[in-house]
Amino acid sequence: MIEKKDIEKLALLARIEVSEAEKESLASSIESILGYVGQVTSVSEKAETVLPPLRNVMREDEIRHTEGEFTEALLENAPARDGNYVEVKKILS
């Protein structure tokens, strides 16, 4: 069971001020939280981990598009352009 001194130590570590009434409330809340965590831990220890079969997902690098194939189509949708570049507002001085 969590004690009042444990609540005071946690409050000190968290650098928060806790009243006497809050200490009692926190003690019961933390106790129920720790009980729930204990239940989750006991279930997860019993659970069997099933790994999917491993397979190689690597592929050879290949060029799928010709250079500049989509450049003009993309630049037509830009608000402003300078040659083959999108023109943007200067944000650094």
Would you work out which of 41, 19, 29 lies farthest towards the positive end of the dipole of segment 4-46, given +1 charges on the beta-carbon of Lys and Arg and -1 on that of Asp and Glu, about the Cα centre? 41
How much mean residue ellipticity at 222 nm does the chain get from its helices, if each DSSP H run of length 4 or more adds -39500 (n - 2.57) and you divide by all residues, to the nearest 500 deg cm²/dmol? -15500 deg cm²/dmol
State which stretch of the chain is the longest one without any exposed GluC sites (Glu not before Pro), exposure meaning a DSSP loop state and at most 13 other Cβ atoms within 10 Å. 18-47
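FRET efficiency for residue 5 and residue 37, Cβ-Cβ distance as r, R0 = 25 Å, nearest 0.05? List each step's numbers first, then the result.
On the way: r = 21 Å, r/R0 = 0.84.
For residue 5 and residue 37, the calculated efficiency is 0.75.
How would 1, 58 line up from fewest to most surrounding beta-carbon atoms within 10 angstrom?
Sorted ascending by nearby Cβ count, the order is 58, 1.
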Excluding residues fewer than 8 places away in the same chain, name every one of the lysines whose C-alpha is closer than 16 Å to that of residue 9. 23
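From Cα pairs below 8 angstrom and at least 6 apart in sequence, can you work out the relative contact order of the chain, rounded to a whole percent?
Details: 28 pairs, mean separation 14.4, N = 93.
Taking the mean separation of contacting Cα pairs over the length of the chain, I get 15 percent.
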In 10 Å bins starting at 0, how do the alpha-carbon pair distances of the chain split up by percent? 11, 17, 12, 10, 11, 24, 15, 1
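Which loop-located chymotrypsin sites (Phe, Trp or Tyr not before Pro) does segment 33-93 contain, where loop means any DSSP state but H, G, I, E or B and the Cβ has at most 16 other Cβ atoms within 10 Å?
Numbers: sites: 36, 70, 85; in loops: 70.
Filter output for segment 33-93: 70.
Here, each number is a calculation from the coordinates, and none is a lab measurement. Fair warning: this is a prediction, and the values are worked out from it, not measured in the lab. Cβ atoms come from the backbone with ideal geometry, glycine included; neighbour counts cover every protein chain shown.
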